[in-house]
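Worksheet for the structure shown next.
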Amino acid sequence: FAGKGTDEAGDGAASNGNYAGGEISAALGENFSLNGGYVNFKDMGASELAAETNIDNAIWYVGADANFGDFTLSGMYLKGDKSENDHDLEGIDDDGYTVGLSYKGAEASETGSYGIWANYYDQGGQTYVAHTTDANTFGNTGFKGYGVGANYTFAKNIVGQVEYYD
């Protein structure tokens, strides 16, 4: 995959640059899978309005999922390599992990289906670009915490979800 990130404010002031990467995954039997991938971000933070600040970040990861009936246990290890203007950034944690447990899961095609999940995150500042939590205010410091959520299919192709992060 490859793409171009949107600028944060929509005014060209700070671009999220370009990215490219790939993932390999394998099912080992019916109840266990492995995956690994690499994503390379280039020229994040470049600005048309100010002096050039080009931040690059290469993130690789490995993960596994194990299914036990309606439950899924998952884990992932991440490693980042962030640089600014071609100089490695010092003092920013470059590795992290996540673990999660989920029960069932809402299926968009199945009215009344539902699921619940819980994740724990311990991620250094180099292991993400824009985290998927709704509280993406971590900067370069990294974060530790948890998220819990539930989802429900109200009607075909209408799925609602509630999430909480701390």
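The values are calculated or read from the model by the stated rules, or taken from the named source; none is laboratory data. Worth saying up front: this structure is predicted, and the values here are computed from it rather than measured. Cβ atoms come from the backbone with ideal geometry, glycine included; neighbour counts cover every protein chain shown. Surface accessibility is based on the protein's heavy atoms, side chains included, excluding ligands, DNA and RNA. Shrake-Rupley method; radii C 1.70, N 1.55, O 1.52, S 1.80 Å.
Just a few scattered comments:
- Residue check, Gly80 touching a Lys or Arg at 6+ places or on another chain (Cβ under 8 Å), within 25 Å of Leu34 (Cα to Cα) and of a type outside the set (Asp, Glu): no
- Breaking point among (1) open to solvent by 60 Å² or more (accessible area, probe 1.4 Å); (2) under 21 Å from the mean Cα position of the chain (by Cα); (3) over 24 Å from Thr153 (Cβ atoms), for Gly91: (2)
Yes or no, residue by residue, for (1) closer than 30 Å to Val148 by Cβ; (2) open to solvent by less than 40 Å² (accessible area, probe 1.4 Å); (3) touching a helix residue (DSSP H, G or I) at 6+ places or on another chain (Cβ under 6 Å); (4) at pLDDT below 90:
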position: Glu8; (1), (2), (3), (4): yes, no, no, yes
position: Asp11; (1), (2), (3), (4): no, no, no, yes
position: Gly17; (1), (2), (3), (4): no, yes, no, yes
position: Glu48; (1), (2), (3), (4): no, no, no, yes
position: Glu52; (1), (2), (3), (4): no, no, no, yes
position: Gly63; (1), (2), (3), (4): yes, yes, no, no
position: Lys82; (1), (2), (3), (4): yes, yes, no, yes
position: Gly100; (1), (2), (3), (4): yes, yes, no, no
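- Among the residues of the stretch 110-166, those that are over 30 Å from Asn57 (Cβ atoms) and either open to solvent by 50 Å² or more (accessible area, probe 1.4 Å) or modelled with pLDDT under 95 (or both) comprise Glu110, Thr111, Tyr114, Ile116, Tyr152, Phe154, Lys156, Asn157, Ile158, Val159, Val162.
- Positions within the stretch 65-75 being open to solvent by 60 Å² or more (accessible area, probe 1.4 Å) and in contact (Cβ under 8 Å) with a residue 24 or more places away in the chain, in sequence order: Phe68, Asp70, Phe71, Leu73
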